[in-house]
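Visitor: Quick one: structure below, then a few questions.
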Amino acid sequence: MNLGELRFMRRKVILRVVSKFIIPFILLFGLYVQWHGDFGPGGGFQAGVIFASAIILYALIFGVEQTRKAIPAWVTRSGLSVGVLLYAGVGVATLLLGENFLNYNALANDPVNGQHLGILLVELGVGITVCCAMVTIFIAFAGRGHR
């Protein structure tokens, strides 16, 4: 960090303190939206956006370099892959179990439980992918001036 950035950080004391307090609640709300999205409004996409907004807020307040120390590039790149593989893996699993692609009934003996499990896994994959994609895009653009 150079002297100008240090001076700027000292002027943002209130923002830094408030963001440290509010970011855990944003993440907690993201978890709520993720796990209760099959019962009401929300789901993987919305939860991914909420998680990414918490990380982007952190990056805006503390800087891209500090964010990359907390969440290295390999984590977001791996998250992109894991999310897509989880989504596609559920579909392939249903094919291997003799049903159509993403027909969740095959995932359990009871179709209701299969539907519930399938939706949870697919929405988790979507949430991970959306979060990692938004963070990667933000850092790619925000970090351009820091090279």
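All of the numbers you see were taken from the coordinates with simple rules; none came from a lab. What you see is a predicted model, and the numbers here were worked out from it, not measured in a lab. FYI the Cβ positions are ideal-geometry reconstructions off the backbone, even for glycines, and counts take in every protein chain you see.
Visitor: Given contacts defined as C-alpha pairs under 8 Å and at least six residues apart, what's the relative contact order of the chain, whole-number percent?
Guide: Dividing the mean separation by the residue count of the chain yields 28 percent.
Visitor: Quick one: grab the alpha carbon gyration tensor of region 69-144, order the square roots of its eigenvalues as a ≥ b ≥ c, and give me rounded if a/c is under 1.5, else prolate or oblate depending on whether a/b is larger than b/c.
Guide: prolate
Visitor: Need one number: nm distance between label points at residue 97 and residue 140, each 7 Å from Cα along Cα→Cβ, rounded to one decimal.
Guide: According to this spin-label approximation, the distance is 3.5 nm.
Visitor: Roughly speaking, what is the centre-to-centre gap between region 108-134 and region 40-76 when only Cα atoms are used, to the nearest Å?
Guide: Computed from Cα coordinates, the inter-centre distance equals 20 Å.
Visitor: Here's another thing I want to ask about it. For region 3-146, with the dipole built from +1 on Lys and Arg beta-carbon atoms and -1 on Asp and Glu ones, taken about the Cα centre, which of 43, 98, 29 lies farthest toward the positive end?
Guide: With unit charges placed on the Cβ atoms, the residue in question is 29.
Visitor: Relative to the longest principal Cα axis of the chain, at what angle does helix 111-142 sit, 0 to 90 degrees, rounded to 10?
Guide: Roughly 30 degrees between the two axes.
Visitor: Might you report the magnitude of the Cβ-based charge dipole of region 3-146 about its Cα centre, with Lys and Arg at +1 and Asp and Glu at -1, to the nearest 20 debye?
Guide: 1160
Visitor: Does anyone have the angle between helix 13-36 and the longest principal axis of the chain? Alpha-carbon axes, 0 to 90°, nearest 10?
Guide: Long axis of 13-36 versus the principal axis of the chain: about 0 degrees.
Visitor: How would you classify region 48-94 from its alpha-carbon gyration tensor, with a ≥ b ≥ c the square roots of the eigenvalues: rounded for a/c under 1.5, else prolate if a/b is greater than b/c, otherwise oblate?
Guide: Cα axes put region 48-94 in the oblate bin.
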